[in-house]
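Novice: Below: one structure in structure tokens.
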Amino acid sequence: MEKYLLGVDIGGTTVKIGIIKEQGEIVDKWEIPTQIEEKADQIPTDIWASIVKKITEHQINKEQLIGIGAGAPGFVDAETGDIAVAVNLGWKDFPLGKILRELSGLHVFIENDANIAALGENWLGSGQLADNLIAITLGTGVGGGLIANGRIISGVNGTAGEIGHMTVVKNGAPCNCGRQGCLETIASATGISRIAEDTIMRYSDSILVTTFKEKNKLTAKDIFSAYEKEDKCAIEVVEEITDVLGLAISNIATILNPSKIVIGGGVSKAGDLLLNPLKKAYQKYALPRTFEGSSFAIASLGNDAGIIGGAYLVKQNQS
Ligand code: ZN
């Protein structure tokens, strides 16, 4: 009898759900809208109803389901499956794991969304089942996940691997977390735009100056495209960002000694334009032996990383 894993990735606008075979093949994946605020309590019921509908369509029995692995935004108690706070959904001390267990009668494992994305990349993406891995998502914010000895590190109250909130600039720019100078203020798409918009003030002749005059804003894409054309201002911006990011990664690597460093998120679409200066900065700051043991890769699973990681969480923990 074929067995199946269920991977669930709860986001602010949609919940992604996947039925996945034990070897990692996706049988089906779909999305449902996320109910938020006063209706957020409905989310687990919606998820389970939607799973029941899909398994019926696929003629899969409940006995063939091994369990549910779900990622949720915010601070997660991986032990109990409680969500301490998920601001964008409106959850506070929400017993997601308990509710899903009662509805489904299955084994349920809950992790932070960035952590399941890291697990997914490590299983079927660019990680290639590294025992020790750093995953960083450079998007609107900076997310992270750390895998040590094959397992995700959650920490005592769900904040392990919050790489985006490492302080990298003393008294730096304000961060969404309420503090200042976090890595997120530098290396997120928003941070990169902010730094570029400051840097162009010191240049009169730059592609970025022209682009800013036309659009009144600069995106990470604009910056890497100008960098590719060897625009001096763009070079300054990219070198500043990759220097700080490389420094931050080298510090994590000194502690974790990873074999793989996987970079994902919108900014990672720059590919080698990002990786080449980043590797240079990383080499500058890392212990030579740590550097030799590690390699960089761009994340390859895109939006499927979460459901695949959720499935892997079940696979890894099934008894
Ligand atoms: Zn922060």
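Novice: Which lysines, on any chain, are close to residue 62 with Cα under 21 Å apart, when same-chain ones fewer than 8 places away are left out?
Specialist: Result set, ordered by chain and number: 3, 16, 21, 29, 53, 54, 98, 315.
Novice: Pop the C-beta distance of residue 180 and residue 59 into the FRET formula with R0 = 41 Å and round what comes out to the nearest 0.05.
Specialist: The calculated FRET efficiency here is 0.15.
Novice: Under a 5 Å amide H to amide H cut-off, with H placed in plane at 1.01 Å, what residues pair with residue 22 once short-range neighbours are removed?
Specialist: Amide H neighbours of residue 22, under 5 Å, 5+ apart: 3, 5.
Novice: Kindly identify region 238-319 as rounded, prolate or oblate by the Cα gyration tensor criterion: order the square roots of the eigenvalues as a ≥ b ≥ c, call it rounded if a/c is under 1.5, otherwise compare a/b with b/c, prolate if a/b is larger, else oblate.
Specialist: Taking the square roots of the gyration eigenvalues as a ≥ b ≥ c, region 238-319 is oblate.
Novice: Another one. Angle between the Cα long axis of helix 113-124 and the longest principal axis of the chain, 0 to 90 degrees, nearest 10?
Specialist: That helix lies at roughly 90 degrees to the long axis.
Novice: Once you place label points 7 Å from the Cα toward the Cβ at residue 173 and residue 201, how far apart are they in nm?
Specialist: In this crude spin-label approximation the distance works out to 1.2 nm.
Novice: Can I ask one more? Please compute the per residue accessible area over region 130-299 with all protein chains in place, 1.4 Å probe, rounded to a whole number of Å².
Specialist: 49
Novice: Below 29 Å, Cα to Cα, which lysines can residue 232 reach? Residues fewer than 8 away in the same chain don't count.
Specialist: Here the lysines satisfying the reach criterion relative to residue 232 are 170, 213, 215, 217, 221, 269, 279, 280, 284.
Novice: Residue by residue through region 281-286, which ³J(HN,Hα) values in whole Hz follow from phi under the Karplus form 6.51 cos²θ - 1.76 cosθ + 1.60 (θ = phi - 60°), with glycine and proline marked x?
Specialist: After applying 6.51 cos²θ - 1.76 cosθ + 1.60, I find 5, 4, 5, 4, 9, 7 Hz.
Novice: Return the sequence-ordered ³J(HN,Hα) values of region 224-231 in whole Hz as given by the Karplus equation 6.51 cos²θ - 1.76 cosθ + 1.60 applied to θ = phi - 60°, using x for Gly and Pro.
Specialist: With the stated coefficients, region 224-231 comes to 5, 5, 5, 4, 4, 8, 6, 5 Hz.
Novice: For the chain, modelled as a GNM with alpha-carbon contacts under 10 angstrom, which of 288, 33, 277 fluctuates the most?
Specialist: 288
Novice: Now a separate question. Pop the C-beta distance of residue 276 and residue 1 into the FRET formula with R0 = 51 Å and round what comes out to the nearest 0.05.
Specialist: 0.55
Novice: Just in region 139-192: which trypsin sites (Lys or Arg not before Pro) are loop by DSSP and have at most 16 other Cβ atoms within 10 Å?
Specialist: Those satisfying the criteria are 170, 179.
Novice: Across region 76-92, in residue order, what do the Karplus-derived ³J(HN,Hα) couplings come to in whole Hz, using 6.51 cos²θ - 1.76 cosθ + 1.60 with θ = phi - 60° and x for Gly and Pro?
Specialist: 3J(HN,Hα) across region 76-92, in whole Hz: 10, 8, 5, 5, 9, x, 7, 9, 5, 8, 10, 4, 6, 9, x, 8, 9.
Novice: Count the DSSP beta bridges whose two residues both fall in region 130-299, then state the antiparallel fraction as a percent rounded to the nearest 5.
Specialist: 55
Novice: Using a 1.4 Å probe over the heavy atoms of the protein chains, calculate the carbon and sulfur portion of the accessible area of the chain as a whole percent.
Specialist: 49
Novice: Report the paramagnetic label zone for residue 255: residues of region 119-156 whose backbone N is under 14 Å from a point 7 Å from Cα along the Cα-to-Cβ axis.
Specialist: 133-135, 144-148, 153-156
The values are calculated or read from the model by the stated rules, or taken from the named source; none is laboratory data. From a predicted model like this one, the values you see are computed outputs, not experimental measurements. Virtual Cβ from ideal backbone geometry, glycine too; neighbours counted across all protein chains shown. Accessible surface areas use protein heavy atoms only, side chains included; no ligands, DNA or RNA. Shrake-Rupley method; radii C 1.70, N 1.55, O 1.52, S 1.80 Å.
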